[in-house]
Amino acid sequence: MRTGVIGRRLTLRWLKFNAVGALGIGVQLGVLLTLKSRFHLSYLFATALAVEAAVIHNFLWHERYTWVDRVQPSWRKSLPRLLRFNLTAGGVSIVGNLALMKLMVDFGHVNYLVANGVAIVLCSLANFLVSEQWVFEEDVSATH
């Protein structure tokens, strides 16, 4: 019985994570398109900035929606959590996106927006796992 409850809770969290991620994709692609086409930044620099914008966006939603049952947002607890999220999920996203973009755009001649969409999907699972296990670990002081 307990395994079923945990499985359902994890599935719901995964669905919420992906809903937030879908919004974050919109943020990331919008920032990337704006920085590349309007400000004429290189696609790699624009990608790094766009990923960071999405990371911050996603963190705020994850804290208040995806992992709302585990954490209570507060400046004292949220700032260290944001740092962990930025170093882990953000690091996976930035390094993964830049490496995959370089491969797909420069060597595969894939459009930079299409390549960015592929990179986002590939980095998603790693980000969920690190967030579930470390970034948004249950705040036991809030439950007792």
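The values are calculated or read from the model by the stated rules, or taken from the named source; none is laboratory data. None of the values given here were measured: they were computed from a predicted structure. Backbone-built Cβ (ideal geometry, glycine too); neighbour counts: all protein chains shown.
Output the number of the condition that Tyr43 fails; it satisfies all remaining conditions of (1) aromatic (Phe, Trp, Tyr); (2) surrounded by fewer than 19 Cβ atoms within 10 Å (Cβ to Cβ); (3) touching a residue at least 12 places away in the same chain (Cβ under 8 Å).
Of the numbered conditions (1) aromatic (Phe, Trp, Tyr); (2) surrounded by fewer than 19 Cβ atoms within 10 Å (Cβ to Cβ); (3) touching a residue at least 12 places away in the same chain (Cβ under 8 Å), the odd one out for Tyr43 is (2).
Assuming Lys77 fulfils every condition listed in (1) surrounded by fewer than 16 Cβ atoms within 10 Å (Cβ to Cβ); (2) within 18 Å of Phe17 (Cβ to Cβ) apart from one, which condition is it?
(2)
Quick one: is Ser93 buried (at least 17 other Cβ atoms within 10 Å of the Cβ), under 23 Å from Gln133 (Cα atoms) and among the small types (Gly, Ala, Ser)?
Taking the combined requirement at face value, the residue satisfies it.
Return the residues of the stretch 69-86 that are closer than 19 Å to Phe128 by Cβ and part of a helix (DSSP H, G or I); say none if nothing qualifies.
Arg81, Leu82, Leu83, Arg84, Phe85, Asn86
Filtering the stretch 31-65 down to residues that are of a type in the set (Phe, Trp, Tyr) and farther than 30 Å from Lys77 by Cα, which residue is modelled with the lowest pLDDT?
Selected residue: Tyr43.
Might you check whether a residue that is touching a Pro at 6+ places or on another chain (Cβ under 8 Å) and touching a residue at least 60 places away in the same chain (Cβ under 8 Å) occurs anywhere in the stretch 61-80?
Yes, the stretch 61-80 contains a residue that is touching a Pro at 6+ places or on another chain (Cβ under 8 Å) and touching a residue at least 60 places away in the same chain (Cβ under 8 Å).
Could you check the stretch 10-40 and list, in sequence order, the residues that are charged (D, E, K, R), more than 20 Å from Ile94 (Cα to Cα) and touching a residue at least 40 places away in the same chain (Cβ under 8 Å)?
Arg13, Lys16
Take the stretch 97-136 and flag every residue that is farther than 29 Å from Asp69 by Cα and either among the small types (Gly, Ala, Ser) or not in a helix (DSSP H, G or I) (or both).
Result: Ala99, Gly108, His109, Val110, Asn111, Ala115, Gly117, Ala119.
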